[in-house]
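Since every read-out is calculated from the coordinates, none of them should be taken as a lab result. On a predicted model such as this, the values are computed, not experimentally measured, just so you know. Please note: Cβ atoms are built from the backbone with ideal geometry, for glycine as well, and neighbour counts cover all protein chains shown.
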Amino acid sequence: MAVHPSQKSWFWLPVALLCWGYSFGAIASEASIATLNPQTVNLPGLGDPERFLPPVVQQRLVLRLRDRRVYFYENDDLVASYPVAIGRQGWETPTGEFEIIQKIPNPIWQHPFTNEIVPPGPDNPLGDRWIGFWTDGQNYIGFHGTPDESLIGQAVSHGCVRMRNADIVALFDQVDLGMQVIVEQ
């Protein structure tokens, strides 16, 4: 039985070389150093880069002492609002612009006068979460839960912002370190 030349492996070698050489030759003859140099290649611009980037959402907390509430905003949209207790007379919650510097789940509390340590649990004055936003290097002020939720809405703390435990847990999951905190009268 006779074998057609196209069925022999050696038959395709010149065809493959011819095609490869033609393709390489065509590329080499059409290309020049100038068009391969990235400094001289003119590509069309992408236009507005915002089209390709996810939207930037600016989140912030606004604590209004007169309202006894903290407001959580994304851009200009109010996402959530929670009732709070604030610093009592002589221990006022500081006003101004701050940022979240600490997030601690199940915090340990140290009594500021007796240095007694209170572990996490139902008797811990900080409740279930701590979100710190102010410090003088030794003392800290922040949002935290409380075992006595009946005091929410009053000026009773040493400057901290007390919240119901369910509220501080919800807020804790919504905020990040570095987020802006604005405290207003």
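Things to note:
- Fraction of beta bridges assigned by DSSP in segment 77-185 that are antiparallel (%, nearest 5): 80 percent
- Surrounding net charge for V56, when Lys and Arg each add one and Asp and Glu each subtract one, Cβ distance under 11 Å: -2
- The fraction of all Cα pairs in segment 136-185 landing in successive 10 Å bins from 0 to the largest distance is 21, 52, 27, 0, given as whole percents.
- Two-site FRET efficiency, S81 against Q102, from Cβ-Cβ distance with R₀ of 22 Å, rounded to 0.05: 0.45
- Distribution of pairwise C-alpha distances over segment 36-185, 5 Å bins, in %: 2, 9, 17, 21, 17, 10, 5, 3, 3, 3, 3, 3, 2, 2, 0
- Segment Q154..V56, full-extension length gain: 31.7 nm, with 0.36 nm per residue of separation and the alpha-carbon distance subtracted.
- Label positions at T114 and R64, each projected 7 Å from the Cα along the C-beta direction, are separated by 3.9 nm.
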